[in-house]
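Have a look at the structure below, then the notes.
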There are 2 protein chains.
Amino acid sequence: MNYFSSDFTLGILGGGQLGKMMLYTTRKFDIKTKVIDPSESAPSRLACDDFETGDLMDFDTVVNFGRTVDVLTFEIENVNVDALETLEDEGIKVFPSSKTLRTIQNKATQKLFYRDNDIPTSPFSRFAYTSEIKDAVDNGGLSYPFVWKSAQFGYDGMGVKIVRRYTDLIDLPNVECIAEELVPFKHELAVIVARNEDGDLKTYPVVEMEFHPEANQVEYVICPARIPDTIAKKAELVALRTASAFEHVGLLAVEMFQTQDDEILVNEVAPRPHNSGHYSIEGSYTSQFEQQIRAILNLPLGKTESTVAGVMVNLVGAEDYTGDVVYENIEKIMTMEGVTPHIYGKKQTRPFRKMGHVTIVNSDVNEARRIAEEVKKTIKVISATNTK
Amino acid sequence: MNYFSSDFTLGILGGGQLGKMMLYTTRKFDIKTKVIDPSESAPSRLACDDFETGDLMDFDTVVNFGRTVDVLTFEIENVNVDALETLEDEGIKVFPSSKTLRTIQNKATQKLFYRDNDIPTSPFSRFAYTSEIKDAVDNGGLSYPFVWKSAQFGYDGMGVKIVRRYTDLIDLPNVECIAEELVPFKHELAVIVARNEDGDLKTYPVVEMEFHPEANQVEYVICPARIPDTIAKKAELVALRTASAFEHVGLLAVEMFQTQDDEILVNEVAPRPHNSGHYSIEGSYTSQFEQQIRAILNLPLGKTESTVAGVMVNLVGAEDYTGDVVYENIEKIMTMEGVTPHIYGKKQTRPFRKMGHVTIVNSDVNEARRIAEEVKKTIKVISATNTK
């Protein structure tokens, strides 16, 4: 297929920030794109050739959209996977595949997949309903503390909870879920693997998610991870084995724990560009967004090495602010060396909403990390009115 | 002014490839943009917030467009400069300024400006009409060979000719022109200077334009230039002095000759992102396009150093091909290390039309140069039908 001609169209389900950043590459390569998103003001509404609104969970909407493109991809997992399968049956190329997405969409199925494929992951139990967990604990089949995860569409902070005692269970939705052993890890690591249809494989360097010591939230994504080479090699191998097991086409971001015993356990995966790879726009030979386009179009994969060290800080809406967004001190952080803000273009902020990110690159990773801390102290995502 | 709010609009005159690449940054920063270009299929028609068609040389069109934006810039020099001046008088910020553009638009005025400001440049004579040149030669005021340049809107290959004998003059248009001494140079160099309204100044590293030994055309732009440090320093200083003389706001690309005696002479300047800075998208901490946005919005300037060496090759339409463009072997060059094609999105090719460029980055400049040669031998910009 000639992607560099006006006869070809790439379809993208979802027009959020990940899709927006993928469009940097389709503009650069002049590849025709069509985007669908529920919101008329989605960040990707510009820079694509065609934009339409629609419900990505609706079977007919996704099938009808997919029939108008040559290759279909998605930038979020919450899309109608039956529709993707129908499109595949009709001969439309869908990458990553519906099979991969179906396995990943359900966290119980995802965990079983690791177990079936000999991919190291933390021990877990599966429950049809949260209410069944209490019995398991009472019977001695499970003990506190553990991590509760909703099987379907779980997201950090919404579908995940650390359960330390019975009362922590009370507020949880009564849905299909898993209870995972709480892993006291040294580091949370991630590796992005790229694989095209021809089976060419490349991995990005291991990145480290540095957590806030009290808030238990990722504060900095650091590339390269400040870990010994032997651990990095181990993490890369586990990531490669995971992508191979999925026979994945596209990017697969593999999040892992480095345990106290220096074991590597897969936590979860995302079949798309990922927050842990945002640094690559400034720090790598090939950004993860360009790599995703290369991989799903079966183009040769780009070089995944870094040209410089990179640290990424998320820009999330400050607590107590809701409304028209203001990026306080953005010009101040732009005076700092190697600092690039990325503003996703969401007009309204609310507490903890992902509004953008900032990349700090430097030839020295420790210096980048130091500047990142300054960035974090300086910029604030607020609104004109404090709603406290 | 808060650029990162929906109340602000940046206007861009011209929607060609340079504007298109500027829009990568306005999308990244979520800055609202409005673009005007004569062609409905201009490369920038996507990725801006608003696009309209119009004649950039028409006074009313430019004034009316300019009145709807907060800051106005241009990506080509062929715009109505009286309109820019009117807009400035009305309080619209126009960067680079109408004064700079007026000086640059006329090559005779540009040369006089260098002379008046003690900026080294090759000796020249100015003529109201090409027909006056013969008399000057007959009177001994001028001798062959020399470079004839049309004063207005001269472009390489159209408004420039090396005149070695009387008959070379015959085909030239009878217009205002200059006759410049032909400089036998060792290297053609370029330095891009960025300056914002506050007067902050930064220079990009010196790049080298390597010419084809026979065709006398630029084949490779190489960063850093393969010249001694002392020459590089000299070139940087001349470029800085030039930008300061213009009191320039925005990017100024300064093209220079390194003579056989290692003198630096300014050839000409461009008040915008420039072909000689395309490598910076992949090779620099801050791309020239981001830097232009930072400079004209009076934001802090980004770091201009390179992270890796870069070589740029233009993709121009092959001789004998006119029609719907085909990028032959584009996938083959994408297998080569550190190679990124940029496709501008012009649907029709014709001989020598600028259709895109390819950047090759590598930690070793000589290796990048070697791969660039392979790229040049491999990719061809053709059409489905050979028109020979």
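Before moving on, here are some points about what is shown:
- Size of electric dipole in chain B: Cβ of Lys, Arg +1 and of Asp, Glu -1, about Cα centre, debye, nearest 20: 600 debye
- Set of aspartates and glutamates near residue A:347 by C-alpha distance (under 14 Å), chain-local residues within fewer than 8 positions excluded: A:40, A:324, B:7, B:30
- Position residue B:305: other-copy label points at 1.9 nm, ordered by increasing distance, label point 7 Å along Cα→C-beta.
- The spacing between the range B:44-72 and the range B:90-160, judged by their C-alpha centroids, is 29 Å.
- Fraction of alpha-carbon pairs over 20 Å apart in the range A:10-94 - percent: 24 percent
- Distances from residue B:153 to itself in the other copies, using label points 7 Å out along the Cα-Cβ axis, amount to 5.7 nm in increasing order.
- Beta bridges per DSSP, both residues in chain A: antiparallel share near 80 percent.
- Helix-derived mean residue ellipticity, 222 nm - over chain B, DSSP H n ≥ 4, -39500 (n - 2.57), to 500: -7500 deg cm²/dmol
- Cα centroids of the range B:23-40 and the range A:165-228: 37 Å apart.
- Summing Lys and Arg as +1 and Asp and Glu as -1 over all other residues whose Cβ lies under 9 Å from the Cβ of residue B:25 gives a net charge of +2.
- Bridge orientation summary for the range A:10-94: considering DSSP beta bridges with both residues in this region, about 0 percent are antiparallel.
- Cross-link partners for residue A:377 among the lysines, with Cα-Cα distance under 21 Å and sequence neighbours closer than 8 places in the same chain left out: A:332, A:354, A:388.
- Sorted peptide list for B:273-284, B:161-172, criterion being average Cβ within 10 angstrom, highest first: B:273-284, B:161-172
- Part-to-part distance (alpha-carbon centres) for the range B:251-269 and the range A:311-388, which is given in Å: 41 Å
- Other protein chain Cβ atoms within 10 Å, averaged over every residue that makes up A:21-33: 5
- The 3J(HN,Hα) values that the Karplus relation (6.51, -1.76, 1.60; θ = phi - 60°) gives for the range A:356-372 are, in residue order, x, 8, 10, 10, 10, 10, 6, 5, 10, 5, 5, 5, 4, 5, 5, 5, 4 Hz. Gly and Pro appear as x.
- Kirkwood hydrodynamic radius of the range A:225-307, Cα pairs, Å: 13.6 Å
- Most to least packed among A:327-334, B:70-77 [average Cβ atoms within 10 Å]: B:70-77, A:327-334
- Computed from label points 7 Å out along Cα-Cβ, the spacing between residue B:128 and residue A:139 is 10.5 nm.
- For residue A:332, label point 7 Å along C-beta direction: distances to other copies, nm: 5.5
- Among B:104-113, B:26-35, the peptide with the highest mean count of other Cβ atoms within 10 Å heads the list, and the full ranking is B:26-35, B:104-113.
- Per-residue mean of foreign Cβ neighbours for B:39-50 is 2 (Cβ atoms of other chains, 10 Å radius).
- In this structure, the residue pairs whose Cα-Cα separation is over 24 Å, taken from A:99/A:202; B:93/B:234; B:186/B:234; A:303/A:380, are B:93/B:234; A:303/A:380.
- Peptide A:322-331 has a mean of 3 when you count, residue by residue, the C-beta atoms of other protein chains within 10 Å of its C-beta.
- Placing unit charges on the Cβ atoms of the charged side chains and taking the dipole of the range B:10-94 about its Cα centre, the candidate lying farthest along the positive direction among B:92, B:18, B:54 is B:18.
- FRET efficiency for residue A:201 and residue B:201, using Cβ-Cβ distance with R0 set to 35 Å, rounded to 0.05: 0.15
- Think of each Lys and Arg Cβ as +1 and each Asp and Glu Cβ as -1; about the Cα centre, that makes the dipole of the range B:10-94 roughly 580 debye.
- Highest-MSF residue in chain A out of A:288, A:258, A:152 [GNM, Cα springs under 10 Å]: A:152
- Whole-Hz ³J(HN,Hα) from phi, Karplus 6.51 cos²θ - 1.76 cosθ + 1.60, for the range A:206-221, glycine and proline x: 5, 10, 10, 9, 8, 8, 5, x, 9, 5, 6, 10, 5, 9, 9, 9
- Among beta bridges that DSSP assigns inside the protein assembly as shown, antiparallel share in %, nearest 5: 80 percent
- For the listed residue pairs A:28/B:107; A:32/B:32; A:28/B:149, the alpha carbons are over 28 angstrom apart in A:28/B:107; A:28/B:149.
Readers should treat all values here as calculations from the given coordinates under stated rules, not as data from a laboratory. Bear in mind that the values here come from a model prediction, so they are computed numbers and not experimental data. Neighbour counts run over all protein chains shown; Cβ positions are idealised from the backbone, glycine included.
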